[in-house]
Amino acid sequence: MEIIKTPIEGLLIIEPKVFSDERGLFFESWSKQAYVDVGLDVDFVQDNQSLSKKGVLRGLHFQSPPYDQGKLVSVIKGSVLDVAVDIRRGSLTYGHHFSVNLSQENKRIFWIPSGFAHGFVALEEDTIFSYKCTEIYNKESEGSLSWDDPDLDINWGVQNPLVSNKDTDASSFKDFISPFKL
């Protein structure tokens with residue numbers, strides 16, 4: 001696998017080695033030892049999947065300590081624009097975001113450590129998104145930032161996304177007091 005560092009410390013794009021022939025293809029989407037070998041010694045305790053129509057936007061979500069989550073995300077079917085926002089106080093990139101296209105075609109995997117708000121928009125019908133999480137879901141510790149916050153200035157690349165009520169009512173970045181610090 002190839003590890004690609006991003007402009008924001010901690011965020012990594014993983015490109016697995018894909019083996020294909022006339023039968024189809026094979027790749028390792030997760031191997032504890034392979035990730036340990038590249039410096040990611042993480043334990044996952046929960047796997048999640050979502051199914052989204054084209055234009056569905058989910059995010060920007062996080063969980064506060066002690067239930068903060070690292071996430072290893074990928075697309076099983078379809079494609080997304082995936083976005084992570086640095087919410088670690090003291091970080092040189094605090095409030096900055098990074099986005100990457102993840103798809104069933106490119107097989108990219110995105111590592112988002114604790115201290116980031118995360119979201120994505122589905123670019124195709126019936127997109128299946130997969131999350132491996134380092135902590136269990138805890139409703140009392142969940143938080144979200146407004147996906148369309150002008151201070152974050154994220155170009156989602158879609159007009160009028162379908163957004164949940166929870167995400168519509170999310171906090172603005174300027175009013176946000178981050179529970180994360182570097």
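The values are calculated or read from the model by the stated rules, or taken from the named source; none is laboratory data. Quick caveat, the model's predicted, so the values are computed rather than measured. As a convention, Cβ positions derive from the backbone with ideal geometry for all residues, glycine included, and neighbour counts pool all protein chains shown. SASA here: full protein model, heavy atoms, side chains in, ligands and nucleic acids out. Shrake-Rupley method; radii C 1.70, N 1.55, O 1.52, S 1.80 Å.
Evaluating kT/(6 pi eta Rh) at 25 °C and 0.890 mPa s, with the Kirkwood radius of the chain over Cα pairs in the Stokes-Einstein relation, gives 146 µm² s⁻¹. Straight distance only, please: which lysines reach the Cα of K5 with their own Cα at less than 27 Å, same-chain residues fewer than 8 apart left out? Qualifying lysines at Cα under 27 Å: K17, K32, K71, K77, K107, K132, K181.
Spatial offset of segment 101-142 relative to segment 162-178 amounts to 18 Å, using the alpha carbon center of each. Evaluating 6.51 cos²θ - 1.76 cosθ + 1.60 at θ = phi - 60° for every residue in segment 30-42, the Karplus couplings come out as 7, 8, 3, 5, 4, 6, 4, 4, 9, x, 10, 9, 10 Hz, glycine and proline recorded as x. Projected over every direction and averaged, the convex hull enclosing the alpha-carbon atoms of segment 1-60 yields 6.8 nm². The 1.4 Å probe gives accessible areas that order Y67, Y131, Y35, largest first, as Y67, Y131, Y35. When the chain is treated as a GNM with alpha-carbon contacts under 10 Å, the residue of D47, D68, D82 showing the greatest mean-square fluctuation is D47. Set the Förster distance to 35 Å, then compute FRET efficiency between L162 and T6 from the Cβ-Cβ distance, nearest 0.05. Calculated value: 0.80. Using the Cβ-Cβ distance between K174 and L40 with R0 set to 25 Å, the FRET efficiency from 1/(1 + (r/R0)^6) comes to roughly 0.15. Return, ordered by residue number, the residues of segment 86-125 whose backbone nitrogen is under 19 Å from a label point located 7 Å along Cα→Cβ of Y67. Residues 113-119 fall inside that zone.
Each residue of segment 13-26 is assigned a 3J(HN,Hα), and the resulting list reads 9, 10, 10, x, 7, 9, 10, 9, 8, 4, 7, x, 8, 8 Hz, derived from the Karplus form 6.51 cos²θ - 1.76 cosθ + 1.60 (θ = phi - 60°), x at Gly and Pro. For segment 1-86, the carbon plus sulfur part of the accessible surface works out to 50%, probe radius 1.4 Å. For S20 and H96, what is the calculated FRET efficiency with R₀ set at 35 Å and r taken between the beta-carbons, to the nearest 0.05? Working from the Cβ atoms, E equals 0.45. Protein heavy-atom accessible surface, 1.4 Å probe, per residue over the chain: 54 Å².
The charge dipole of the chain, taken about its Cα centre with unit charges on the Cβ of Lys, Arg, Asp and Glu (plus for the first two, minus for the last two), comes to roughly 80 debye. Amide H contacts of L11: T6, each under 5 Å away and 5 or more positions distant or on a separate chain (H built 1.01 Å from N in the peptide plane; Pro and chain starts excluded).
Comparing D126, D41, D153 in a Gaussian network model of the chain where C-alpha atoms under 10 Å apart are linked, the largest mean-square fluctuation is found at D41.
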